[in-house]
Amino acid sequence: MFEQSQMERKAAARIDEARRQIEICNACRYCEGYCSVFPAIMRQRSFADADVTQFANLCHNCRGCYYACQYTEPHEFDLNLPGILAEVRTESWERFAWPSPLARLFQRSGTALAVALMLGFAVLFWAAQTLRPESGEGFYAVMSHGLMVSVFMPAFLLPLLALFVSLRRYWRHVGGQGVGRSQIRQALSRAAYMKDLSGGQGQGCNFEDEDRFSNARRYAHQAVVWGVFMCFGSTISGTIMHYVFDWPAPYGLLSLPKLLGVPGGLLLTAGCLELARLKLKAEPALGARRVWAGEMGFVLLLGFVSLSGLLLYASAGTAAVAVLLPLHLGAVLTFFLLMPYTKMAHGFFRLAALIKDAAGN
């Protein structure tokens with residue numbers, strides 16, 4: 001109880017500090033062309049807690065505004081808008097997440113929790129190989145299709161339910177109302193092009209270096225997003241081929257699951273490695289410092305999921321499958337179960353914020 005009230009006081013203090021900085025930005029307006037945050041700020045004269053939460057989830061932490069600002073340290077205003085919005089944004093994911101204790105546990109010990117779960121699940125999957133099916137090809141010669149479906153179907157659906165509850169809480173908090181197709185289309189377009197990482201004129205942001213504009217983070221995010229979509233498309237197409245056309249795996253390189261899955265895995269691996277590299281070069285004080293390790297752990301986990309999947313495909317028919325398959329399945333299961341409490345939630349909350357912003361234009 002004491003810990004809960006202490007967390008609420010800290011969250012209220014972060015909101016108040018963010019509001020102070022937003023009011024100064026609204027008076028200055030130098031950064032109005034950088035991203036979606038500043039035009040949204042300038043539509044208002046006063047800022048409720050819900051407005052601050054909405055601005056925080058619009059922010060993509062490109063940091064261009066910080067390096068352009070004349071009121072950062074050592075100025076007495078001491079502005080650090082990307083840093084305080086990152087703190088408010090992270091706190092909003094924890095507050096709206098369902099169930100909330102899991103979100104707080106991940107934010108405190110994200111990397112250790114992900115590694116422990118992945119290795120624990122890998123051991124269980126390794127032990128499950130003793131139930132090796134009498135028939136089957138490819139991966140199904142090591143582990144039955146029925147066993148995989150019985151484990152991964154609920155592991156996929158339950159996190160989606162948790163995300164739905166979290167987003168519903170967020171939408172109510174920020175005063176979201178009904179939206180039309182044009183607002184959804186506009187938000188999806190802004191998300192697909194990552195316009196808020198373009199620096200306003202396409203020069204990119206200063207995420208990893210104060211004096212260097214770069215689109216590296218924008219391209220890395222796009223590689224991750226499109227990699228996830230292609231891998232998801234690969235899984236869906238494989239499911240349809242299995243159940244609708246009675247065409248079970250393994251599939252050839254020119255089949256739809258592989259045409260989507262292999263390039264998607266390469267994009268996802270490359271995007272995660274680049275995001276990890278940029279994160280190591282960037283200044284931690286301009287982000288949510290207290291969850292740096294958890295965010296890095298999530299990026300590495302996602303990268304390991306894609307890399308282990310590619311290695312598993314490359315090692316088909318060899319003894320390495322018996323080792324790689326449990327590790328890959330353990331990583332995938334950990335990724336699904338932790339999805340609502342990791343930075344993966346950022347994509348869903350940000351899309352909701354973009355839709356809300358489009359509806360407010």
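The values are calculated or read from the model by the stated rules, or taken from the named source; none is laboratory data. Only a predicted model underlies this, so the values are computations on that prediction, with no experimental measurement involved. All Cβ positions, glycine included, derive from the backbone under ideal geometry; neighbour counts span all protein chains shown. Ligands, DNA and RNA are excluded from the accessible area calculation, which covers all protein heavy atoms including side chains. Shrake-Rupley method; radii C 1.70, N 1.55, O 1.52, S 1.80 Å.
Numerical summary
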| read-out | value |
| --- | --- |
| Residue 306 being in contact (Cβ under 8 Å) with a residue 12 or more places away in the chain, open to solvent by less than 20 Å² (accessible area, probe 1.4 Å), over 25 Å from residue 108 (Cβ atoms) and of a type in the set (S, T, N, Q) | yes |
| Scope segment 31-49; condition in contact (Cβ under 8 Å) with a residue 24 or more places away in the chain and crowded, with 16+ Cβ neighbours inside 10 Å; matching residues | 31, 34, 35, 36, 37, 38, 40, 47, 49 |
| Top-ranked residue in segment 203-213 [being open to solvent by less than 60 Å² (accessible area, probe 1.4 Å) and hydrophobic (A, V, I, L, M, F, W, C); ranked as nearest to residue 37 (Cα to Cα)] | 205 |
| Where a residue in segment 98-110 is within 13 Å of residue 288 (Cβ to Cβ) and free of Cβ contacts under 8 Å to residues at least 24 places away in the same chain and its partner, wherever it lies, is open to solvent by 70 Å² or more (accessible area, probe 1.4 Å) and not aliphatic (A, V, I, L, M), with Cβ under 7 Å and at least six apart | none |
| Criterion (under 30 Å from residue 103 (Cβ atoms), open to solvent by less than 90 Å² (accessible area, probe 1.4 Å), of a type in the set (Ser, Thr, Tyr) and not in a loop (DSSP other than H, G, I, E, B)) met by exactly one of 219, 170 | 170 |
| The lone exception for residue 274 - which of (1) open to solvent by 30 Å² or more (accessible area, probe 1.4 Å); (2) of a type in the set (Asp, Glu); (3) more than 16 Å from residue 225 (Cα to Cα) it fails | (3) |
| Subset of segment 190-202 (residues that are part of a loop (DSSP other than H, G, I, E, B) and open to solvent by 60 Å² or more (accessible area, probe 1.4 Å)) | 201 |
| When residues of segment 279-291 are limited to those that are touching an Asp or Glu at 6+ places or on another chain (Cβ under 6 Å) and open to solvent by less than 30 Å² (accessible area, probe 1.4 Å), the one farthest from residue 206 (Cα to Cα) | 288 |
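Listed here are the residues, each with its yes/no results for (1) out of contact with any Asp or Glu (no Cβ under 8 Å at 6 or more places or on another chain); (2) open to solvent by 50 Å² or more (accessible area, probe 1.4 Å); (3) of a type in the set (Lys, Arg); (4) not in a helix (DSSP H, G or I).
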position	(1), (2), (3), (4)
54	no, no, no, no
60	no, no, no, yes
67	no, yes, no, no
73	yes, yes, no, yes
77	yes, yes, no, yes
83	yes, no, no, no
87	yes, no, no, no
92	yes, no, no, no
98	yes, yes, no, yes
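Per-residue answers, yes or no, for (1) buried (at least 20 other Cβ atoms within 10 Å of the Cβ); (2) at pLDDT below 90:
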{"residue": "293", "(1), (2)": "no, yes"}
{"residue": "299", "(1), (2)": "yes, no"}
{"residue": "319", "(1), (2)": "no, yes"}
{"residue": "339", "(1), (2)": "yes, yes"}
{"residue": "342", "(1), (2)": "yes, yes"}
{"residue": "351", "(1), (2)": "no, no"}
{"residue": "357", "(1), (2)": "yes, no"}
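Residue-wise test of (1) modelled with pLDDT of 80 or more; (2) out of contact with any Ser or Thr (no Cβ under 7 Å at 6 or more places or on another chain); (3) farther than 17 Å from residue 339 by Cβ; (4) part of a helix (DSSP H, G or I).
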site: 108; (1), (2), (3), (4): no, yes, yes, yes
site: 111; (1), (2), (3), (4): no, yes, no, yes
site: 122; (1), (2), (3), (4): yes, yes, yes, yes
site: 129; (1), (2), (3), (4): no, yes, yes, yes
site: 149; (1), (2), (3), (4): no, yes, yes, yes
